[in-house]
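The values are calculated or read from the model by the stated rules, or taken from the named source; none is laboratory data. None of the values given here were measured: they were computed from a predicted structure. Reconstructed Cβ throughout: ideal geometry from the backbone, glycine too, with neighbour counts over all protein chains shown.
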């Protein structure tokens, strides 16, 4: 059992994820998501069409690149996230969580070498603006000795759990419903892992304008629990 990867995939890591709903709060406000069944559909659609094809692909690519010592690919992956994550609220959240995860990992003995490489060696442009969460996660997963497939599966599981946790709070639904949704989503996580893990960096990206509009609308809600 890889305890380092378990630590990395802990949804309770203090990196700010708990303060984001990734557009779900706006979807709830508009009545798009209002019960456990619709939350489950939202999570699967989000992972399949938005999060997986962008951040998921990046995690697999970065984990593979670090294992092979190809740090130029790590930088390019970060640049793709800077250019491709829309709207700005999502891009900002991704960078903030990445930087907080990188700072947290500085005290993990097993992660030190890769943290130093990101802080000092992988310059100039990517580090000048900050590292995105998917990139930092992929780097640290490789440092833990995980395979790209293991890294991607844990990353997708962490994301699903975070979105479900946001739904438990904002819809609201019970924690029992939340755990039922997570269990039913497991086959989708495995399917996505198998579909995305071998994809090249150039394929990373998603085209979900309706979802991006919801994420943008989040900042205009009259009252809200989440930052994005």
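Structure values in brief
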quantity	calculated
Whichever residue in region 174-226 is over 22 Å from residue 23 (Cβ atoms) and outside any helix (DSSP H, G or I) and, among such residues, is farthest from the chain's Cα centre (by Cα)	174
Residue 183 modelled with pLDDT of 95 or more and out of contact with any helix residue (DSSP H, G or I) (no Cβ under 6 Å at 6 or more places or on another chain)	yes
Where residue 145 falls short, out of the listed (1) closer than 21 Å to residue 63 by Cα; (2) crowded, with 22+ Cβ neighbours inside 10 Å	(2)
Enumeration of residues in region 154-173 that are outside any loop (DSSP other than H, G, I, E, B) and without any contact (Cβ under 8 Å) to a residue 40 or more places away in the chain	168
Region 20-33: number of residues that are touching a residue at least 24 places away in the same chain (Cβ under 8 Å) and loosely packed, with under 14 Cβ neighbours inside 10 Å	1
Residue list for region 208-227, restricted to those being within 19 Å of residue 44 (Cα to Cα) and surrounded by 12 or more Cβ atoms within 10 Å (Cβ to Cβ)	208, 211, 212, 213, 214, 215
